[in-house]
1. Condition first: hydrophobic (A, V, I, L, M, F, W, C), touching a helix residue (DSSP H, G or I) at 6+ places or on another chain (Cβ under 8 Å) and over 30 Å from Gly81 (Cα atoms). Now tell me which residues in the range 116-136 satisfy that.
2. Would a scan of the range 49-57 turn up a residue that is more than 20 Å from Val144 (Cβ to Cβ) and part of a helix (DSSP H, G or I)?
3. Is at least one residue of the range 95-109 open to solvent by 40 Å² or more (accessible area, probe 1.4 Å), within 28 Å of Gln183 (Cα to Cα) and either modelled with pLDDT under 95 or under 19 Å from the mean Cα position of the chain (by Cα) (or both)?
4. In a strand (DSSP E or B), out of contact with any Phe, Trp or Tyr (no Cβ under 6 Å at 6 or more places or on another chain) and either of a type in the set (Ser, Thr, Tyr) or at pLDDT 90 or above (or both) - does that describe any residue in the range 78-87?
5. Could you count how many residues in the range 241-260 are touching a strand residue (DSSP E or B) at 6+ places or on another chain (Cβ under 9 Å) and at pLDDT below 70?
6. For the condition in contact (Cβ under 8 Å) with a residue 24 or more places away in the chain, crowded, with 19+ Cβ neighbours inside 10 Å, basic (Lys, Arg) and under 26 Å from Val144 (Cβ atoms), what is the one hit in Arg73, Arg87?
7. With respect to Glu59, determine if the residue is modelled with pLDDT of 90 or more and surrounded by 14 or more Cβ atoms within 10 Å (Cβ to Cβ).
8. Considering every residue within the range 159-181, establish whether at least one is touching a strand residue (DSSP E or B) at 6+ places or on another chain (Cβ under 6 Å), within 21 Å of Arg232 (Cβ to Cβ) and of a type outside the set (D, E, K, R).
Amino acid sequence: MAGSGHQRAMKVEKIAPSVGDLRGIKLLRTLTDSELARILAKLEVREFKARTQVAADTEFPQRVGFILQGACRFVALAPNGSSITMRAARQGDTLGLPAAMLSHSWGGDLAHHVTRFVADEATTLGLIKHAEFRALLADSPALVRAACDTVSAIHLDLSSRFYELATLDVRGRLLAELLRMAQRSEHIDGRLMIRSAPTHAELGDQIGAAREAVTRQLLDLEREGVISVRRREIVIEDYQRLHALDEASAGRRIFISPEG
């Protein structure tokens, strides 16, 4: 996993988010201005430099997090020291929602199994306490519906990942992860450009594989004309081919979470 030391997060004092910023959070899109103003009044804003790693349970105890800017991951640490990225999220996504709905202590979306929050880019979070978020749920049927949809999507996405880790080889897991990454890509000249792509080592963390194995599989896919790899960029040259390869490898159609 990139970056070995823990870097402390810094509290943002200068720029406060607006109602418009909160409306960019998918979970909050249907809320009224007055409901969003209630959240703003309770919001703690935290900023993390790129490559920051922190322990989620100590940095965000009893909090729901809204990603106002950037990209981050939750990383599970196995007893043998290996790490696996269990969920990647970007601007507009929500973190820690299942725990909040159950009044559970923070553990990302996997209770105590996820121990690290990793900021892949400079990331800004808006944090609200569980009790305050649950008070909003009690008053807002629209927020309840959105929260149920979000938690269901997270559940299906994690089920897909567990299936992949338990049953697929490195190539199969890589194909599935490339499809997920493609959902956040840019369409350029009929191709999909994944910018700020993870390094081979980081991609290995995301699928539970060694860097060398990831490199070999990426080279094979490049030779097959499915992708091309540049410095911190991956271009999906043939998305339909990538989808067909995944379907053949996994024996199912991958679930792509709308929450990322």
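The values are calculated or read from the model by the stated rules, or taken from the named source; none is laboratory data. Only a predicted model underlies this, so the values are computations on that prediction, with no experimental measurement involved. Note: ideal-geometry Cβ built from the backbone for every residue, glycine included; neighbour counts use all protein chains shown. Areas reflect the complete protein model, heavy atoms only, side chains present, ligands, DNA and RNA absent. Shrake-Rupley method; radii C 1.70, N 1.55, O 1.52, S 1.80 Å.
1. Within the range 116-136, Ile128, Phe133, Leu136 qualify.
2. Yes - at least one qualifying residue is present in the range 49-57.
3. Initially, the range 95-109 is screened for residues open to solvent by 40 Å² or more (accessible area, probe 1.4 Å), giving 101-105.
Right, trim to within 28 Å of Gln183 (Cα to Cα) and you get 101.
Now drop any that are not either modelled with pLDDT under 95 or under 19 Å from the mean Cα position of the chain (by Cα) (or both), which leaves 101.
Among the residues of the range 95-109, at least one is open to solvent by 40 Å² or more (accessible area, probe 1.4 Å), within 28 Å of Gln183 (Cα to Cα) and either modelled with pLDDT under 95 or under 19 Å from the mean Cα position of the chain (by Cα) (or both), which makes the answer yes.
4. The answer is yes; a qualifying residue exists.
5. 3
6. Exactly one residue qualifies, and that residue is Arg87.
7. No: the conditions fail for Glu59.
8. Restricting attention to the range 159-181, the residues satisfying the condition of being touching a strand residue (DSSP E or B) at 6+ places or on another chain (Cβ under 6 Å) are 181.
Okay, now just the ones that are also within 21 Å of Arg232 (Cβ to Cβ), so 181.
Cutting the leftovers down to of a type outside the set (D, E, K, R) gives us 181.
Scanning the range 159-181, I find at least one residue that is touching a strand residue (DSSP E or B) at 6+ places or on another chain (Cβ under 6 Å), within 21 Å of Arg232 (Cβ to Cβ) and of a type outside the set (D, E, K, R), so the answer is yes.
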